[in-house]
1. How do B:TYR191, B:TYR129 rank when sorted from fewest to most other Cβ atoms within 10 Å of their own Cβ?
2. May I ask you to list the trypsin sites (Lys or Arg not before Pro) in the stretch B:320-421 that are in a DSSP loop and have at most 16 other Cβ atoms within 10 Å of their Cβ?
3. What does the helix-only formula give at 222 nm for chain B: each DSSP H stretch with n ≥ 4 adding -39500 (n - 2.57), the total divided by the residues, and the result rounded to the nearest 500 deg cm²/dmol?
4. I'd like the distance between the alpha-carbon centres of the stretch B:356-383 and the stretch A:253-288, rounded to an integer number of Å.
5. For every helix of n ≥ 4 consecutive DSSP H residues, a contribution of -39,500 (n - 2.57) applies; sum these over chain A, divide by its total residues, and give [θ] at 222 nm rounded to the nearest 500 deg cm²/dmol.
6. Going by how many other Cβ atoms sit within 10 Å of their own, how do B:ASP58, A:ASP341, A:ASP218 line up, fewest first?
7. Distances longer than 37 Å among the Cα atoms of chain B: what percent of all pairs is that?
8. So what is the relative contact order of chain B, in percent, for Cα pairs below 8 Å that sit 6 or more residues apart?
Amino acid sequence: MPSSTSNFDFVRPVPDLPWRGILLAVTLLTAVAAVAWEIRVRAWGYVATYTDDSDLWADRRGTVKPDSIVIIGDSRALFDSDLNTLEQGLGQRPVQLALVGSCAYPILENLANDESFHGTVISSLLPMIWLAPPPAPPYQKSVRALHRYRSRTLAQRSSHYIGLWLEGHIAFLNDDDLTLEALLDHLPVHNRADAQIPPPGPPYFANMDLDRRNWMIDQAVHPGKLQDRVKFGWPPLFTPPPPPSYVPKEAFLAGVGKAIEARFGDTAAAVKKIRARGGKVVFVRYPFNGPLKELEDKATPRAGPWSRILKESGAPGIYFEDYPELAGFICPEWSHLSAPDSVEFTKRLVPHLKQALATP
Amino acid sequence: MLFNSLTFVVFFALVLSAYWTMRSWTARKNLLLVASYIFYGAWNPPFALLLFATSALDFYLGARIAAAGSPRARRAWMITSVTVNLSSLGFFKYGNFLLTNFEWTLSKYGVAYHAPQFDVFLPIGISFYTFHSLSYTLDVYRKVCEPTKSLRDFTLAVSFFPQLVAGPIVRAADFLPQLVTAPGLKRGQFYWGLLLMTLGMFEKIVLADTMLADTADTVFGYGGPLQALDAWAGVLAFSGQIFFDFAGYSTCAIGAALCLGFHLKDNFRFPYAAVGFSDFWRRWHISLSTFLRDFLYIPLGGNRSGPVRAAINLMIVMFIGGLWHGAAWTFAVWGLIHGVLLVIERLVKAVTKDAAWTEAFMTRLLVGLFTYAAVCFAWVFFRAADFSTAARIVSAMAGRIPSGVGAALLPTLSLWKVGVVIGGLLLAHRALRDTSIEAVVTRMPRWLVTALWTLMLGAIILTQGNGHAFIYFQF
């Protein structure tokens, strides 16, 4: 009988090759290729920046204290809120929890359900995505981030911290444009005429720091190819997809209408929960312009969702167009401010925030 | 901890360095044991206790089986081990599934009963380590191996980190003997292990996750009728994704073990080149199919009681094999489809009686293609979240679209990716069907080995890793 105390007779074969030399050559070739690629992408204008993934978000969520100032919302809050300026103006450095392309309601709800939280929430309110129903990608993005925050394993945390170190030094670690998948997506392959392909997300046009502050890069600020790619990418992204063919249109629209209706009530309830504990919530409509403004204003006129959310929740709101000092900013790609303008905008926003937050 | 994570890269480098620096074999084994529990505990530390409890119990029961004075007592101890192991697996993996089915059955008799849903975390890799551990008591009972006297060795055999959470299912009888004396490294073994790890990572990160996963997810996640092209692309993509994902994990495990001086057997042998379904199961997840053969099919009677009983035994084994993969009837149906195909194959073989034409090239080619197509058909049930999704996809694959208009969901680039990767996969499996990766690499010029290794490494780096979990972790 084979025994656990006898020697095992199975031995895997090993190809007979000069392995040491091969490994040395592989290491050298890979290192040379990586350095060459790094030099190439830096010449194209890429710099080392952090990937705005759920782990980085979860890090920031983990720093929220009961009396923190928290920024939530979409990418406009990420680009247009300068944390240093807010810290100077409000006396406390805010925690940046806005997420690109996300509906922030689940995050507002998460803060509302956190019994210890009685701080301040500055929320970008972009009605088209604030009202996104639960199955929609903007809603799911926030849900995924929260899930990561709640259930990160030790292994995921350590991978994240090692990854941060690498991202802080290597420019080609850019998940917008330079992953294998993103590079393949640039192949000139035409889709079928009837293909239901979701519009692509914007290319790389901002750098992020560890506080999750987004800075628009110069190439996107000035007219040119990159700026065109970004701005002409917004209208398809801001156009709701057609109802699915396999669900009766009336039933689908009724379902969406019901979900939107529920969101108004849920938002008001979340705001009231935070306020009942002594916390504050203020909604901000950040600048946007060009054809994107026409599109958004038509789909969600100010008198619609914006006014209703403020009314039902009782929270104060700052609409950039109401104040001449906030209204004059131009978004180079129609949706976000350039880095210098974002600092200036925040300076001018602070007094309005203070006033709104002083309101009982 | 995932193989395809930066944490693992650092962890493995540290373990390797410490392991080969130590002189004492006992110290090395202690290191591996601690490293294996860190590897597992980095996911959810409390479940490391469950892993230890499972191992310690089977260590004790193995000793009791060996020491039992009568066949009846041996059998009682073995049944205890099987019952405890399967109960633990059943509680964590099948608890809610059983309750839901219990509810459904009662409702058929007019009893409205709503069982409470248990919010139970599924310990990662529980199906694998339960089988690692159970194989020991079963082999001791069968007198295939003697019990070990070292609890440390046994817990290491069950928890050895390369194969801990997603296989191969390494039997204690195959692993314990390797713990007796310090393993030496054959010439090139360490480097060959590293190359296998690179190949496994390439399969997982580049081919499964980057080239195929989105296509499969899009098609299987769509709620409406699809065009036939999209349905086929989704199913073919999944056939490749699951192979590269799981075979990639096994290849990494074999490579990591080799770097540490251990030898694990193959878990896959180019399965998509299989000619017939019994051939497929000799090539796909070999460690599971041999486990089920030795510990279920043969004890049920195997082929010994006539063809009808053998067919029933096959169906039972494949049904249970299906459910082993997940607590859902779709997995059971996947297993049953394979069971039916195996039974039909036996019938056909009984009729054709190895006639010369069955060995002709064209016959084998057609049977091979049919095998792959049928395996893909079965994958639909494996991957679909429910039967309505499976039915929708099968209908679309057959060109039957209820509304007359199916959605074209996939970008043309995705269709190309599927075509190129799956075409390459099938050609590679066909070319390598009767050989091994070691034999092929031995014949390769060294510049080609260098170029391929560099390309795989470069593609992994370029992909930037997205940390997708391996599909088989959930089983």
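What follows is calculated from the coordinates using simple rules that are stated; it is not laboratory data. All values reported here derive from a predicted model rather than from experimental measurement. Note: ideal-geometry Cβ built from the backbone for every residue, glycine included; neighbour counts use all protein chains shown.
1. By the 10 Å Cβ count, ascending: B:TYR191, B:TYR129.
2. Loop-located and lightly packed - B:LYS353, B:ARG400.
3. Computed mean residue ellipticity for chain B: -21500 deg cm²/dmol.
4. 56
5. -15000 deg cm²/dmol
6. Ranked by crowding around the Cβ, least crowded first: A:ASP218, A:ASP341, B:ASP58.
7. Considering chain B, 30 percent of its Cα-Cα pairs are separated by more than 37 Å.
8. 20
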